[in-house]
Amino acid sequence: MEPIFIILLISGLIVFLLLAGGGNVLRFIGQGMIKLAIGALLLFFVNAFGGQMDIHVPINILTAGISGFLGVFGIAALVIIDFMIL
């Protein structure tokens, strides 16, 4: 498939959901963005204060999503993964 076709299809779907769903879709997207921002901020503090103990969790969309949606348990899981695997 052509990339332009896929982009148009996704854009059309987003416009349809915004028009048909009302404010619920926008509220869901807004809450998700706020959780991602909070997750990135929490990861920043973990990296800032955990630097003395050799803790460094990279801040990207996946780790910010995990820490934002799961909260303290997500951050603990990321730190454990950092110790065990990386």
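The values are calculated or read from the model by the stated rules, or taken from the named source; none is laboratory data. The model shown is predicted, which means the values in this text are computed figures rather than measured ones. When we count neighbours, we look across all protein chains shown, and the Cβ atoms used for this are built from the backbone with ideal geometry, even at glycine. The area values use the complete protein model at the heavy-atom level, side chains included, leaving out ligands, DNA and RNA. Shrake-Rupley method; radii C 1.70, N 1.55, O 1.52, S 1.80 Å.
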Which helices (runs of 4 or more DSSP H) sit wholly inside the chain and have at least 3 residues that are open to solvent by 60 Å² or more (accessible area, probe 1.4 Å) and modelled with pLDDT under 90? 3-21, 23-50
Please specify each residue of region 59-80 satisfying the condition of being in contact (Cβ under 8 Å) with a residue 12 or more places away in the chain and farther than 30 Å from Leu18 by Cβ. Ile75, Leu78, Val79
